[in-house]
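The values are calculated or read from the model by the stated rules, or taken from the named source; none is laboratory data. Bear in mind the structure is a predicted one, so any value in this text is a computation, not a measurement. Reconstructed Cβ throughout: ideal geometry from the backbone, glycine too, with neighbour counts over all protein chains shown. Protein only, heavy atoms only, side chains kept; ligands, DNA and RNA dropped before computing areas. Shrake-Rupley method; radii C 1.70, N 1.55, O 1.52, S 1.80 Å.
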Protein chains: 4
Amino acid sequence: MYNFRTDLADERSDLYKKANKLQEIEGVKASEEQFNDHIKKTKVEILDENGENALRKPKGVYVTIDINNLKIAQDQEIEDAASCLSQELKELINKHIDDKSEILVVGLGNEYVTPDALGPKVIADIDVTRHILQYMPQYLDKDTRAVSAISPGVLGTTGIETVEILKGIVQNVKPKLLIVIDALASRNIDRISKTVQLSDTGIVPGAGVGNKRNEISVNSLGTPVIAIGVPTVVDLATITDDCLDIFIGKLQEKGESNAYLNKLKEDDNYEGIKEALNPNDYNMIVTPKEIDDLIVNMSSVVARGINMSLQ
Amino acid sequence: MYNFRTDLADERSDLYKKANKLQEIEGVKASEEQFNDHIKKTKVEILDENGENALRKPKGVYVTIDINNLKIAQDQEIEDAASCLSQELKELINKHIDDKSEILVVGLGNEYVTPDALGPKVIADIDVTRHILQYMPQYLDKDTRAVSAISPGVLGTTGIETVEILKGIVQNVKPKLLIVIDALASRNIDRISKTVQLSDTGIVPGAGVGNKRNEISVNSLGTPVIAIGVPTVVDLATITDDCLDIFIGKLQEKGESNAYLNKLKEDDNYEGIKEALNPNDYNMIVTPKEIDDLIVNMSSVVARGINMSLQ
Amino acid sequence: MYNFRTDLADERSDLYKKANKLQEIEGVKASEEQFNDHIKKTKVEILDENGENALRKPKGVYVTIDINNLKIAQDQEIEDAASCLSQELKELINKHIDDKSEILVVGLGNEYVTPDALGPKVIADIDVTRHILQYMPQYLDKDTRAVSAISPGVLGTTGIETVEILKGIVQNVKPKLLIVIDALASRNIDRISKTVQLSDTGIVPGAGVGNKRNEISVNSLGTPVIAIGVPTVVDLATITDDCLDIFIGKLQEKGESNAYLNKLKEDDNYEGIKEALNPNDYNMIVTPKEIDDLIVNMSSVVARGINMSLQ
Amino acid sequence: MYNFRTDLADERSDLYKKANKLQEIEGVKASEEQFNDHIKKTKVEILDENGENALRKPKGVYVTIDINNLKIAQDQEIEDAASCLSQELKELINKHIDDKSEILVVGLGNEYVTPDALGPKVIADIDVTRHILQYMPQYLDKDTRAVSAISPGVLGTTGIETVEILKGIVQNVKPKLLIVIDALASRNIDRISKTVQLSDTGIVPGAGVGNKRNEISVNSLGTPVIAIGVPTVVDLATITDDCLDIFIGKLQEKGESNAYLNKLKEDDNYEGIKEALNPNDYNMIVTPKEIDDLIVNMSSVVARGINMSLQ
């Protein structure tokens, strides 16, 4: 089975078409739209089991927003990106609950690990209202939606599966919908901290950094879950794989040593090369040197986008 | 009723004796012990309802550990202080559960507010084992205690009462005991980030910075709660009160304007002075300029002390 | 001699007038102006030696900008405050150098001490151009001013007087003007991180936290120095002094124990009270609990204001 | 000419021998020693012009200290590594100056970029004495060496070449020797934040992250410069290069398409592959996911090692 090495539905769709030499995938509908000069939206809809099997993601809509030059974004560009995100998010929210239903925003990730700190940083900037509605309702419009926010930490520092923590909180707080923010893995270095993926199919936390955890979704929590994912790293193994694939492709074009190379590729027997480059005891990641700044700007986009869409 | 303006049982006992000109308080037993040249332990035991009414704290043992010169502490001194803390903590734990029973460590406070960040900082350094016992038990001794740790945030940023969050987690994780770390208010500037108070009577989060929240204790959670409190601030109102009290005391010693001054003091009618010095829209606190460093050193003492006592 | 305990010319002028029961101070001209609903500008001009002796600050113009509600400021308010600052700063710059002359921006303070971190934080956000003009001039308009920026650290962590460091840099970089940012002491809690003071008379670093250092000014460096000062703390001693002064004032109003109280005040013999409240081995400061957030917002105002005024 | 893509003399020596199929390099002497179970020292001595041409580094001694498991190092291991570093450093210092001569410690790098923050972090922990000797000599032994420390920032945020800043400071402070700490590039992922390289030949700042700057050495400053370099990143281009080289080597072993492959390698014409994987507008780096923690531990090793060696 094909290893996509990306959590973006958008990239999976492209990879699948390329690998299978298809123009279209049955059960998958895709479209693109320019929001403004700097911002592009891509929509990938997985319509049925066929699409699910192809892209190995659950049925649903996956909207990807790509932002140019976020690294040097000025305030106006961050505001525009937040607007774009908020439009799409509002649409997703309205599919599931009404204007006043309570929402819990969850920021996954480890704030002490730079590329994994996006979720906790966003939570620090969410405008929470639940406690004001409870204790000082006179300070808010009576139509204000109750919003709460939590950053539950990661398995490695809590010792508890994130979904176990969330189950407990959902049982007590009883929100009608969850918005969950997480770092994703991308295939393409170029998308790191420039892209936001939105979907209402839930999330598998930790996927962005190589660990599989229990699903966070309506299945596990009983509440619909909108996932906001931002690619912040590429695994080094992905890069070395791509490196060898491109190289073999190039050799094959020239008609060189075809049979032998094909066999190499099929067997995936360049394991030794990858091991030499990626020692086992560390989790090697590839990021832009400017990742600290990128995470700050992207947190701002996501937090503002969420705040705009909630009230 | 007397306003102690301190969460330390130790200080309350002293203030009560002074205010009532007593040598001893009925229902309260106190003792002192030097751990080494730099570290002193004080034990205040509240034995009955009489003691509860005097110190307005629930029955139980309150151990205070005072550490000299923590600001410039070298590694050995931090290790010594952690040892001392761990001895006392072990004793308290053994009163409630056996060696293998699961423990959840909770760090209260807001990590983005320097003097309130102690709890979250400690959590980042707790050796958690629960997930390893669950998924890779072969890497641990079979007698290892399951330990998990969480930093739930504060009402102002989550919108949810801390006790509500903890209820949910306790129901799902089912620990047999909680250790809760919090910033406290002290009466005495000299004790800021030099003192640790231990008790098994639970905690009222936020008391260190002026907000009352629901109790975190066996009553609300059904699990015994050991509280580790560290004074990190003094309210400015406490300082101005003390300032005026000392001054009036001094005037009275000289026999000056006694009747009038007594009345002033009884009426507590220097409210205007305090307001002029402590504008309402901010929460003014008094800390050492070196608070950032002190919090780092104290977090290290508390985290190591807890880690030593758990396995 | 009167101890002002504030670096704001504005506050000194008020205190001097009150202490001497004056309506005006000879040699000092003051005026006020509302920039918008939230922002007020005050100008104190020290015209001659008379004014210098009264306010104990060198001749020159001191502009103070007060910003309401900076704690919860949204982006528009920060932008407005930056605009206001930039207007005044531009005027001061134009008094000394022309549009293209090189400027060095200096951020004093210790970034590891929250209320002292303003200067280093501002430096991180200054748009520097000097190296681009040197190596890649094609990327900039040919009229771009050369701007460089440095955060030299504090005596306690460098072991070197700030002015010694700056002398060396000024000799090598040869800017035509310095803009120096520093934390100040204020008398009034209400102004902490809400106020910016601008002047072209240089600065005494460390004054904001109790240490006197060598002057940073045209006298020591040979280059004009514009100082941007922001009050971030009040000394605890200032608060206790004020507390006792207000109290004694109140007792005197009632005609109580006048002679004795006057003597107390003259002798300043409530030293013992202040010592009890402010132990010597720490530098106790009073700040709003929200100081971390305030410093972030204020850094943003100052950095944007400077950037706007330089090109 | 061979592109080493590493600043470690140790790695260059290995790469040179491998590329030229040599057992020894003329003009280069190398030796190895185990400090303890976890720590290994390697010494590469470049003796003459021959050695300089081979390794393209100036004549001098390069000591490399490799530390196992620094990621999970406990206090004792950090102390051991610091001891080992301090031994070697002391020897180097004594070659140039006597016990009491003044030293300036310089931390290069950008503290807001995680893998580049090592230098500034070390500076924060250096025990400076220069100002105490100047103002309060009675608090120190009369034989105390004067030590000062500075973190001058990076060209991108100051607009000034680091060497220009240092020239000014050296002229004014007049130290007899500089110790300069910098992040290096390594060839080998396995050495990231586990290795310290010591030499007395100065440093080229920024080399660790791809920018060449003016030399910091006795030539430019007139003062001997001991460089302490720590590899914290590997360039992504290095990884993709290595990936292709290993792969081509493997194909050649099998006797496949030899002539064509050799030509590919000689021409270095897999530029297109590298560009596809490493887009130009970012500086892509490879680090362990745990880089934040590694930098903290390594800063502690370097700061303690320096402090031990200075007094």
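Before moving on, here are some points about what is shown:
- Filtered residue count, segment B:97-119, keeping only those that are open to solvent by less than 20 Å² (accessible area, probe 1.4 Å) and aromatic (Phe, Trp, Tyr): 0
- Only a single item in (1) of a type in the set (Gly, Ala, Ser); (2) in a loop (DSSP other than H, G, I, E, B); (3) within 16 Å of the chain's Cα centre (by Cα) is not met by residue D:119, and it is number (2).
- Screening segment C:153-178 for residues that are part of a loop (DSSP other than H, G, I, E, B) and within 9 Å of another protein chain (Cβ to nearest Cβ) and picking the one that is nearest to residue C:115 (Cα to Cα) gives C:153.
- Count of segment A:102-138 residues, restricted to those that are in contact with a helix residue (DSSP H, G or I) (Cβ under 6 Å, 6 or more places away or on another chain) and of a type in the set (Lys, Arg), is 1.
- Filtered by the rule that a residue be polar (S, T, N, Q) and under 19 Å from residue C:228 (Cα atoms), segment C:159-179 gives a lone residue, C:162.
- Note on segment D:31-78: residues that are in contact (Cβ under 8 Å) with a residue 60 or more places away in the chain and under 18 Å from residue D:198 (Cβ atoms) total 13.
- Which numbered condition residue C:224 fails, given (1) within 22 Å of the chain's Cα centre (by Cα); (2) at positive phi: (2)
- Condition met for residue A:85 (surrounded by 17 or more Cβ atoms within 10 Å (Cβ to Cβ) and closer than 15 Å to residue A:297 by Cα): yes
- When D:100, D:95, D:90, D:121 are checked against the criterion of being in the same structural domain as residue D:66 (by TED's automatic domain parsing), closer than 27 Å to residue D:233 by Cβ and of a type in the set (Lys, Arg), D:121 stands alone in meeting it.
- Among (1) within 15 Å of residue D:226 (Cβ to Cβ); (2) open to solvent by less than 70 Å² (accessible area, probe 1.4 Å); (3) at pLDDT 90 or above; (4) not acidic (Asp, Glu) - the single one residue D:94 does not satisfy: (2)
- Here residue D:219 does not fit the description of being at pLDDT 90 or above and assigned to a helix (DSSP H, G or I).
- Against the criterion of being outside any helix (DSSP H, G or I), at pLDDT 95 or above and under 14 Å from residue C:159 (Cα atoms), residue D:128 qualifies.
Table: residues versus (1) modelled with pLDDT under 70; (2) within 28 Å of residue A:189 (Cβ to Cβ).
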site	(1), (2)
D:246	no, yes
D:252	no, no
D:255	yes, no
D:264	yes, yes
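- Qualifying positions in segment C:146-183 - farther than 18 Å from residue C:218 by Cα and open to solvent by 10 Å² or more (accessible area, probe 1.4 Å): C:146, C:151, C:153, C:154, C:155, C:156, C:157
- Residues considered: A:150, A:103, A:181. Of these, the only one that is in contact with a Gly (Cβ under 8 Å, 6 or more places away or on another chain) and within 11 Å of chain B (Cβ to nearest Cβ) is A:150.
- Inter-residue pairs, beta-carbon under 6 Å, first open to solvent by 10 Å² or more (accessible area, probe 1.4 Å) and in segment B:227-242, second of a type in the set (D, E, K, R), 6+ apart: B:237/B:274
- Residues of segment B:266-311 classified as in a strand (DSSP E or B) and at pLDDT below 70, total: 0
- Lone unmet requirement of (1) of a type in the set (A, V, I, L, M); (2) without any contact (Cβ under 8 Å) to a residue 12 or more places away in the chain; (3) under 26 Å from residue D:294 (Cβ atoms) for residue D:105: (2)
- Selection from segment D:131-145 of residues that are free of Cβ contacts under 8 Å to residues at least 40 places away in the same chain and either among the polar types (S, T, N, Q) or open to solvent by 30 Å² or more (accessible area, probe 1.4 Å) (or both): D:132, D:133, D:134, D:135, D:136, D:137, D:138, D:139, D:140, D:141, D:142
- From the list C:33, C:77, the one residue that fits, being charged (D, E, K, R) and surrounded by 16 or more Cβ atoms within 10 Å (Cβ to Cβ), is C:77.
- The residue of segment D:227-238 that is farthest from residue D:302 (Cα to Cα), among those that are of a type in the set (Val, Ile, Thr) and touching a Ser or Thr at 6+ places or on another chain (Cβ under 7 Å), is D:234.
- Test result for residue D:197, away from chain A (no Cβ under 14 Å) and either within 16 Å of the chain's Cα centre (by Cα) or modelled with pLDDT under 80 (or both): yes
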